[in-house]
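Worksheet: the structure to be examined is printed underneath.
The values are calculated or read from the model by the stated rules, or taken from the named source; none is laboratory data. Being a predicted model, the structure only gives us computed values, none of them experimental. As a convention, Cβ positions derive from the backbone with ideal geometry for all residues, glycine included, and neighbour counts pool all protein chains shown. Just so you know, the surface numbers come from the protein's heavy atoms only, side chains and all, with ligands and any DNA or RNA stripped out. Shrake-Rupley method; radii C 1.70, N 1.55, O 1.52, S 1.80 Å.
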Amino acid sequence: MSAKFKLKNHENWIKFPIDRLSLDSELMQRFLENCPEISQGLITKIVASGMGSNYSFYLDQDHLGLAQNDQKPIYVDIESSMKYHSKVYFKKGHSNEPFYKSIKSESMKVIDITCGMMGDSLLMNFWGFDVLAYEANPIISCLILNALKVHPLKRFKFVTQEFNWNHYIDGVVFYDPFFRKEKEKTSPKKAMQVLRDFDEFDFLSRPELDEKVVVKRPKGSEDIWEKPHHRYQGKSVRYDVY
Ligand SMILES: C[S@@+](CC[C@H](N)C(=O)[O-])C[C@H]1O[C@@H](n2cnc3c(N)ncnc32)[C@H](O)[C@@H]1O
């Protein structure tokens, strides 16, 4: 629910092909001027990695989007996501949601170590958690930084960095990794497909923490570590608690 397809009028969007940003200093300057929330260092990282060379950033007056071959850009729309969550949980509440039950703790602090397009992070924030979110991919990080500029959030911190267990300070850890086999399945949502195109991160090993670690898995898929202490079953995913 976090990524929306808008783009009614293609002409209103300014296109920044990622592979041109390093070659065209004027284009780079224009991009950075329009997106002051994004550091030159982050763009340098994107260019140096060579990732996303067939993708372009698109900018309208409100949002930074990302698309390949002139398809409709995806972007993170915090306001719409929060409105959607208000509508969904207004009457029924969230205390019986498997996801909520899996991450619930006294401190109400969560580290989302795989932020992606913010879907899970926003839901946790909506439910009242203090969220510290990490995203390793610099291209996806640009979309997140822009979304947070457009719609700043309380109780939400974002770090554009690959998470490893040395970064852990406190709170429940929420981990939503891709798995190689899942990559082969067809018809994921558009935003997930984009994330998959960029996915290059290894599975983290099982940590030794006092706090719980919650791993989101597709229903029926194998465990990423040994058998969890508890599983909360959702409709199409489950939450394994270690
Ligand atoms: C399956 S997606 C997460 C989707 C996310 N839960 C959502 O609701 O949009 C995995 C994301 O985690 C990122 N990632 C993978 N390993 C990471 C790590 N060690 N640290 C930070 N980000 C990581 C990937 O770049 C990708 O964007």
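Quick rundown of the values:
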read-out	value
Residue count for the stretch 32-54, restricted to those that are farther than 13 Å from Cys142 by Cα and under 18 Å from the mean Cα position of the chain (by Cα)	1
Identity of the residue in the stretch 85-107, outside any loop (DSSP other than H, G, I, E, B) and among the polar types (S, T, N, Q), that ends up surrounded by the fewest Cβ atoms within 10 Å (Cβ to Cβ)	Ser86
Failed condition for Lys45, given (1) away from the ligand (no atom under 16 Å from the Cβ); (2) open to solvent by 50 Å² or more (accessible area, probe 1.4 Å)	(1)
Single residue of the stretch 161-177 satisfying the filter (more than 9 Å from the ligand (Cβ to nearest atom) and in a loop (DSSP other than H, G, I, E, B)) that is most open to solvent (accessible area, probe 1.4 Å)	Ile169
Flag for Gln71 being at pLDDT below 95 and part of a helix (DSSP H, G or I)	no
Subset tally (residues that are at pLDDT below 95 and buried (at least 16 other Cβ atoms within 10 Å of the Cβ)) for the stretch 200-210	0
Cross-chain or 6+ apart pairs with Cβ under 7 Å, the stretch 139-158 first and closer than 15 Å to Gly52 by Cβ and without any contact (Cβ under 8 Å) to a residue 40 or more places away in the chain, then of a type in the set (Lys, Arg) and open to solvent by less than 30 Å² (accessible area, probe 1.4 Å)	none
Residues within the stretch 108-133 that are open to solvent by less than 20 Å² (accessible area, probe 1.4 Å) and under 28 Å from Gly50 (Cα atoms), tallied	8
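For every residue, the table says whether it meets (1) assigned by TED's automatic domain parsing to the domain that holds Asn54; (2) assigned to a loop (DSSP other than H, G, I, E, B); (3) at pLDDT 95 or above.
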position: Ala133; (1), (2), (3): no, no, yes
position: Ile139; (1), (2), (3): no, no, yes
position: Phe158; (1), (2), (3): no, no, yes
position: Met192; (1), (2), (3): no, no, no
position: Ser221; (1), (2), (3): no, yes, no
